[in-house]
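Worksheet: the structure to be examined is printed underneath.
The numbers here are math on the coordinates, done by the rules we state, and not lab data. As the structure is a computational prediction, the values presented were derived from the model and not from experiment. Cβ placement follows ideal geometry from the backbone for every residue including glycine, while neighbour counts extend to all protein chains displayed.
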Amino acid sequence: MTATNEIKKFILKKRVRRGFSALTAISLFSGAGISDLGYELAGFQIVVQSEKDFDRANICEQNFPNSTCIKGDIEKTWKKIIRQYRKSEKQQRLSLLTVTPPCQGMSSSNPGRGKITDPEHGVRDERNLLLLSAIPIINQLKPRVVVAENVPALLNRVIREKNTGKIKTVVQAFADELIEYELFVGVVQMADYGIPQLRRRAILVAVHKDEKWLENLKKGKLLPWVRPTHSETAIDNRKKWVSVRSWLNQMRYSALDAKTKPSNPKDALHYVPSYDGDRYLMVLSIPPYSGKNAYQNSICPECNKNSIPLEVAYCPHCGNLLRNRPYVLRKNGRARLIKGFHSSYRRMPPDRPASTVTTNSSHIGGDYKIHPWENRVMSARECADLQTVPRTFKWNWAFENDHRYYIRNVIGEALPTYFAYLHGKILMQLLQGKFPEDSLSRFGVDGQDRKISKIHEQE
Ligand SMILES: C[S@@+](CC[C@H](N)C(=O)[O-])C[C@H]1O[C@@H](n2cnc3c(N)ncnc32)[C@H](O)[C@@H]1O
């Protein structure tokens, strides 16, 4: 089966209620539970979830009726999380703890994140330290495996440690506290697993030292996550990345248009922001399939003259405003082009995977947000599918409470369900005493950027 088919099947499959499993899991920073669903489909039983934001927690609760979601700030709720696990599972050893804190403190899209190597800034933004809030839970429940995920910038984020005053990376601070564990750290690219989206993520997997398979991992220079199957070009037995063009064609979404048809009554998630006027003209003027941006629109909408130079807001031939370029009006009534990046107001290039789905997926000024050929951004449905969220996922709470904007937010911040599912399957095998050597990532060989390193090697 091709990757496109396999992922399509994963998304569209009608699933019955998930049953009991002896391998239990707790998820911290659960969001709506999009990645939790992948680990659950792989066979883990999610027993406790935790989430600060009540709206996200409510979506989570709808989707995980058999788990308890502890609502509130983890700094205050961590003891409750431990108690709840002990209450429901009694003596059962926790198999998996997932930790997916927010990435805004690290993300390059956050202008206030400060210098990633500045320890003072690292401490000032509390979100940078949230990974460390898992430590007391780990030390008390001693899960067999801990999985953490974030943007790759996490790996370089430097902080000054509260107790010792020492300057170190957040990851090193995390590793130093996990004395009973070995920590494996790397960067994974979702497109390397056949997912039609470019999305790089830092992955941290801590394995408890009493796990027998840990020795095999180290001896074989292997990493506890799944080996990539795809790459930018088809090399080393890997298939070529799935392009957004082939994905959209295969999924056969009904056509939408920001001006004439912004939604599809048959699918509540297949909607886009509606606009007309200059904003629409700007999108309409970017040639379909070109991967170009609106700054490159080179035909004047007033006089139709071609080859208008870049970086001007007014047509050099007729003197009229170039309404099909991103502009703002100054106080004096004259326009200037909006300062933008190469990637903003741009169509997705059709022959590579889709750009990263973000929380602002409805904003045409964001990076590569415009549909490759239709005149609109990607719909919430298309974003959910690019994030490989199964169609059985329940969004009712967001609709019933008129919180539609939440849908794009929670979709954009998630680890794709399909990746979590693949990862969960590998972890299940390891925890059940099987050693799927050929399916594990290889240290220093696999990975998008060869930056993979095992934290304990730095000692
Ligand atoms: C990156 S998102 C998690 C995404 C999730 N894994 C998924 O796949 O849907 C991080 C989540 O952490 C939550 N969060 C942020 N600060 C928190 C805190 N102090 N305590 C608990 N949850 C928090 C946010 O509300 C957000 O939902």
Task: Cα-based shape type of the range 254-378, given that a ≥ b ≥ c are square roots of the gyration tensor eigenvalues and the cut on a/c is 1.5 - done: prolate
Open item on the list: Considering just Cα atoms, how many Å³ per residue does the convex hull of the chain enclose?
Closed with: 163 Å³
Task: Amide proton proximity set for residue 24, modelled H, under 5 Å, gap of 5+ - done: 45, 95, 96
Task: Helix runs (DSSP H) in the chain reaching 15 Å along axis by Cα, Kyte-Doolittle at least 0.0 - done: 417-431
Open item on the list: Please compute the Kirkwood hydrodynamic radius of the range 161-216 from all pairs of different C-alpha atoms, in Å with one decimal.
Closed with: 13.6 Å
- [ ] Tell me which residues come under 5 Å, amide H to amide H, from residue 167 once H is placed; ignore anything under 5 positions away on its chain.
- [x] 161
Task: Global form of the range 130-270, assessed from the alpha-carbon gyration tensor, a/c cut-off 1.5 - done: prolate
Task: Value at 222 nm in deg cm²/dmol, rounded to 500, when DSSP H runs of n ≥ 4 in the chain each add -39,500 (n - 2.57) - done: -7500 deg cm²/dmol
- [ ] Please identify the cysteines of the chain that lack any partner cysteine with a Cβ under 4.7 Å from their own Cβ.
- [x] 60, 69, 103, 383
Open item on the list: At a threshold of 8 angstrom on Cα-Cα distance, excluding pairs fewer than six apart, so keeping six or more, what relative contact order does the chain reach in percent?
Closed with: 18 percent
TODO: Among the listed pairs 76/219; 87/168; 76/166, give every one whose C-alpha distance is greater than 31 Å.
DONE: 76/219; 87/168
Task: Length added when fully stretched, residue 268-residue 91, from 0.36 nm per residue minus Cα-Cα - done: 59.4 nm
Open item on the list: How much length would be gained if the chain were fully extended between residue 240 and residue 2, taking 0.36 nm per residue of separation minus their Cα-Cα distance, in nm to one decimal?
Closed with: 84.6 nm
TODO: Mind running the shape call on the range 301-350? Use the C-alpha gyration tensor, a ≥ b ≥ c as the square roots of the eigenvalues: rounded below 1.5 for a/c, prolate if a/b tops b/c, oblate otherwise.
DONE: oblate
Open item on the list: Based on alpha-carbon centroids, what's the gap between the range 230-257 and the range 1-61 in Å, whole number please?
Closed with: 24 Å
TODO: Find how much the distance from residue 177 to residue 435 grows on full extension, using 0.36 nm per residue of separation minus their present alpha carbon separation; answer in nm with one decimal.
DONE: 90.1 nm
Open item on the list: Exceeding 26 Å between C-alpha atoms, which entries from my cross-link table qualify? They are 162/221; 162/212; 240/292.
Closed with: 162/221; 162/212
TODO: Extending each Cα 7 Å along its Cβ direction at residue 329 and residue 302, get the distance between those two points in nm, one decimal.
DONE: 1.4 nm
Task: Per-residue Cβ neighbour rank within 10 angstrom, fewest leading, 185, 445 - done: 445, 185
Task: the chain: antiparallel DSSP beta bridges as a percent of all, rounded to 5 - done: 60 percent
TODO: Take every Cα pair under 8 Å in the range 21-74 that's 6+ residues apart, average their separations, divide by the length, and report that relative contact order as a whole percent.
DONE: 37 percent
Open item on the list: 5 Å is the cut-off here: which amide hydrogens, built 1.01 Å from N in the peptide plane, fall below it relative to residue 327, excluding neighbours closer than 5 in sequence?
Closed with: 338
Open item on the list: Using a Förster radius of 41 Å, what is the FRET efficiency between residue 219 and residue 160 based on their Cβ-Cβ separation? Nearest 0.05, please.
Closed with: 0.65
- [ ] Add +1 for every Lys or Arg and -1 for every Asp or Glu among the other residues with Cβ under 11 Å from the Cβ of residue 10, and state the total.
- [x] +3
